[in-house]
1. Of all residues in segment 348-359, how many are loosely packed, with under 13 Cβ neighbours inside 10 Å and part of a helix (DSSP H, G or I)?
2. I need every pair where a residue in segment 367-389 that is on the phi > 0 side of the Ramachandran plot has its Cβ under 9 Å from the Cβ of a residue that is of a type in the set (Gly, Ala, Ser) and more than 9 Å from ligand 2 (Cβ to nearest atom), sequence separation at least 6 or different chains.
3. Just need a number here: residues in segment 44-58 that are polar (S, T, N, Q) and surrounded by fewer than 18 Cβ atoms within 10 Å (Cβ to Cβ).
4. Quick one: count up the residues across segment 203-240 that are closer than 24 Å to ALA274 by Cβ and surrounded by 19 or more Cβ atoms within 10 Å (Cβ to Cβ).
5. Is at least one residue of segment 101-108 within 16 Å of ligand 1 (Cβ to nearest atom) and surrounded by 15 or more Cβ atoms within 10 Å (Cβ to Cβ)?
6. Among the candidates ASP149, ASP222, which residue alone is of a type in the set (Asp, Glu) and either touching a Leu at 6+ places or on another chain (Cβ under 7 Å) or not assigned by TED's automatic domain parsing to the domain that holds TRP24 (or both)?
7. Among residues belonging to segment 109-129 that are exposed (fewer than 12 other Cβ atoms within 10 Å of the Cβ) and not in a helix (DSSP H, G or I), point out the one that is nearest to the chain's Cα centre (by Cα).
8. Taking ALA37, is it modelled with pLDDT of 95 or more, within 23 Å of the chain's Cα centre (by Cα), more than 7 Å from ligand 1 (Cβ to nearest atom) and within 22 Å of PHE201 (Cβ to Cβ)?
Amino acid sequence: MLDRARYLLKKYYGYTGFRAGQEWIIENILEKRDVLAIMPTGSGKSICYQLPALIFPGISIVISPLISLMKDQVDILKENGIPATFLNSSLKATEAKRRLEKLERGEYKLLYIAPERLKTPGFNGIFGRLELSMITVDEAHCISEWGHDFRPAYLYIGDLVQKLEKRPVLTAFTATATPEVREDIIKQLKLQNPRIYLGGFDRRNLSFIVKRGLNKDRFLLDYLERQPGVSGIIYTATRQETDRVYRFLSARGYSVGRYHAGLSARERSFTQNAFLADTLKIIVATNAFGMGIDKPDVRYVIHYNMPGSIEAYYQEAGRAGRDGKEAECILLYSPEDRGIQEFLIEESSENIERKRQRLKQLKSMLDYCFTDKCLRAFILCYFGEESISPACGNCSNCFSTYELKDLTGSLRLFFSRISNPGKRR
Ligand code: ADP
Ligand code: ZN
């Protein structure tokens, strides 16, 4: 069967070999075992479920949280000659109906849907009649309240599968899952003796840098001056801050775009396309930007503010250096950042338990900003990966002189005080 998978890999995707993990995962799925795979973004998760879907009889369903992501995936599949489609709220009723009919006639091998779709009457009506070989849950961390993108509709999947007369293979994929979230995925999806694949999280080409207490605007100007013509993303914690930094850089002649959920869909897609097409080099954005964006040559990701969790940070920072070449992930910390995150948690409508969890995640994020140990080792350990050597040589704590060299004596004294754990946090 693996021979067939290899043949199809060449035929449909034009690739001659599997990447680390892909072969093992595909083999297990083809033997009809449930699989939970945790692999970093860009490592090639899609092929792990698309190839088995091509080999299995009937159809496989992929549950995916994002409309834009679905369309991209299906476009690529169709380009490669694979009969695939998606159903989501972006479709007109007539088009959705047409697709449901084709679905019933067995004309697709892969169907992408959002989890909410499972509950709609139109879909529910035909669901039981499909020749369903596999359900794949993409971005599976969304099922966990302990994760960072909780989507309640994901909770429904486990029960639904239990109710099916013939249980399909259930597979789950995510790029970020702490040991706690992993357990939760298995429990909530009711995976049966799942094979677990834990891909290497380390991205050696990324340099991790934390800077505390500096003038952030000044830093940006200096930094951008030294990076002419390369692509980069600057993340801020709020829309207002995105707007402000955007205006600040525009006023200084930088060709910069902005992206946040408060802008019109038109402006957002214009900015995103310009960034992908390389006509726009710098994007200032909230965390609304980046999901599903696979731009290989992002050379830096600057967090102008500290994000709320290591999960969010690693996902956003990880958009740098997808091409495997050197890239920098810089986090600019100031004490207000902590206040902003605490405020966001306080103000959210989530329940107490969930808020407590988010405060715990925030605490880890703060620890990252203040640790004097290797930043890479810190992140890997957070994701439960037993680390590499204690010092990577490619983060601001490993190049021990990095921070000190651009600080004057008095500032250095100041920082050594605020970085003293327990005192100022
Ligand atoms: P992920 O979902 O893990 O972020 P993707 O599935 O989108 O990653 O894959 C990232 C890129 O790697 C895609 O361009 C994909 O075509 C490519 N890729 C995946 N598997 C292979 C392979 N075996 N050989 C070469 N390229 C691959
Ligand atoms: Zn290091």
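1. Within segment 348-359, the subset loosely packed, with under 13 Cβ neighbours inside 10 Å is 348-349, 351-353, 356.
Next, from what is left, pick out any that are part of a helix (DSSP H, G or I): 352-353, 356.
Within segment 348-359, residues that are loosely packed, with under 13 Cβ neighbours inside 10 Å and part of a helix (DSSP H, G or I) number 3.
2. Filtered contacts from segment 367-389: GLY384/ALA177.
3. At the first step, the residues of segment 44-58 found to be polar (S, T, N, Q) are 46, 50.
Those left that are additionally surrounded by fewer than 18 Cβ atoms within 10 Å (Cβ to Cβ): 46.
Qualifying residue count for the region: 1.
4. Selection size over segment 203-240: 9.
5. Keep residues of segment 101-108 that are within 16 Å of ligand 1 (Cβ to nearest atom), which gives none.
No - not one qualifying residue is present in segment 101-108.
6. On the way: ASP149 fails: either touching a Leu at 6+ places or on another chain (Cβ under 7 Å) or not assigned by TED's automatic domain parsing to the domain that holds TRP24 (or both).
Going through ASP149, ASP222 in turn, just one is of a type in the set (Asp, Glu) and either touching a Leu at 6+ places or on another chain (Cβ under 7 Å) or not assigned by TED's automatic domain parsing to the domain that holds TRP24 (or both): ASP222.
7. The selected residue is GLY128.
8. Working: modelled with pLDDT of 95 or more: yes; within 23 Å of the chain's Cα centre (by Cα): yes; more than 7 Å from ligand 1 (Cβ to nearest atom): yes; within 22 Å of PHE201 (Cβ to Cβ): yes.
For ALA37, the condition - modelled with pLDDT of 95 or more, within 23 Å of the chain's Cα centre (by Cα), more than 7 Å from ligand 1 (Cβ to nearest atom) and within 22 Å of PHE201 (Cβ to Cβ) - is met.
The values are calculated or read from the model by the stated rules, or taken from the named source; none is laboratory data. It should be emphasised that the depicted structure is a prediction, and the values quoted were computed from it without experimental measurement. As a convention, Cβ positions derive from the backbone with ideal geometry for all residues, glycine included, and neighbour counts pool all protein chains shown.
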